[in-house]
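Okay, so here's the structure we're looking at.
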Amino acid sequence: MFEAFSRNYYLGRLYVTPTDGDHALMHSDQHERINEAVYATGDGVEPLDTPLVMKLETQHFPVHGDAAVPTDTLALPESVLSDTEIRNPPSLREVLLARRECATQLLSFFPGLGQGGQMGRNQHRDGADSSLEDDFPGAGT
């Protein structure tokens with residue numbers, strides 16, 4: 001679904017559609033699989049419901065899981081969707097998924113998800129500076 005794109009992101013294609021909710025959503029099973037492959041460190045028991053951080057065009061946003069969302073779909077609140085070039089959803093679009101270290105930093109900008117978020121606790125697998133690459137270059141594919 002996602003493949004390595006850069007030092008900070010994976011690239012994927014998802015159908016983008018509106019949602020009435022306040023959060024960006026994707027199918028809960030896909031959310032969990034991506035979360036485990038990209039954000040989990042492998043150290044002990046880790047929650048797999050940490051929000052994924054995605055970028056569409058110029059906007060970053062946390063993405064939560066929801067079983068009601070179709071697979072391969074990113075459901076965006078109207079407030080986020082209105083700031084994109086998408087005029088006739090659903091629309092197949094390229095979406096960037098932040099890698100673990102980048103997502104940890106970006107989540108700190110979202111109220112309620114930053115300092116208390118689960119990713120910051122287990123940010124590095126071995127304690128080394130992992131700012132150059134994470135341990136999962138092809139995760140989520």
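The values are calculated or read from the model by the stated rules, or taken from the named source; none is laboratory data. Worth saying up front: this structure is predicted, and the values here are computed from it rather than measured. Counting neighbours? That spans all protein chains shown, and the Cβs are built from the backbone with ideal geometry, glycine included. Calculation scope for accessible area: heavy atoms of the full protein, side chains included, ligands and nucleic acids excluded. Shrake-Rupley method; radii C 1.70, N 1.55, O 1.52, S 1.80 Å.
Let's see how each residue does on (1) at pLDDT 90 or above; (2) over 12 Å from the mean Cα position of the chain (by Cα):
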position	(1), (2)
Phe5	yes, yes
Tyr15	yes, yes
Pro47	no, yes
Leu52	yes, no
Leu56	yes, no
Gly65	yes, no
Pro70	yes, yes
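Show the residue pairs meeting these rules: Cβ distance below 7 Å; 6+ apart or different chains; first residue within the range 81-102 and under 17 Å from Pro62 (Cα atoms); second residue aromatic (Phe, Trp, Tyr) and surrounded by fewer than 17 Cβ atoms within 10 Å (Cβ to Cβ).
Short answer, once both residue conditions are applied: Leu96/Phe5.
So which residues in the range 12-49 are open to solvent by less than 10 Å² (accessible area, probe 1.4 Å) and either assigned to a strand (DSSP E or B) or out of contact with any strand residue (DSSP E or B) (no Cβ under 9 Å at 6 or more places or on another chain) (or both)?
Correct list: Gly12, Leu14, Val16, Ala24, Met26, Thr41.
Within the range 1-56, count every residue that is touching a Phe, Trp or Tyr at 6+ places or on another chain (Cβ under 6 Å) and free of Cβ contacts under 8 Å to residues at least 60 places away in the same chain.
Final tally of qualifying residues: 1.
Tell me, yes or no, whether the range 76-90 has at least one residue that is among the charged types (D, E, K, R), in a loop (DSSP other than H, G, I, E, B) and crowded, with 16+ Cβ neighbours inside 10 Å.
No; the residues of the range 76-90 include none that is among the charged types (D, E, K, R), in a loop (DSSP other than H, G, I, E, B) and crowded, with 16+ Cβ neighbours inside 10 Å.
For Thr58, are the conditions met, namely being hydroxyl-bearing (Ser, Thr, Tyr) and either within 24 Å of Arg33 (Cα to Cα) or open to solvent by 70 Å² or more (accessible area, probe 1.4 Å) (or both)?
yes
As an exercise: evaluate Asp66 against (1) farther than 13 Å from Ala98 by Cα; (2) touching a strand residue (DSSP E or B) at 6+ places or on another chain (Cβ under 6 Å); (3) open to solvent by 70 Å² or more (accessible area, probe 1.4 Å) and give the number of the one condition it does not meet.
Going through (1) farther than 13 Å from Ala98 by Cα; (2) touching a strand residue (DSSP E or B) at 6+ places or on another chain (Cβ under 6 Å); (3) open to solvent by 70 Å² or more (accessible area, probe 1.4 Å) one by one, Asp66 breaks only (3).
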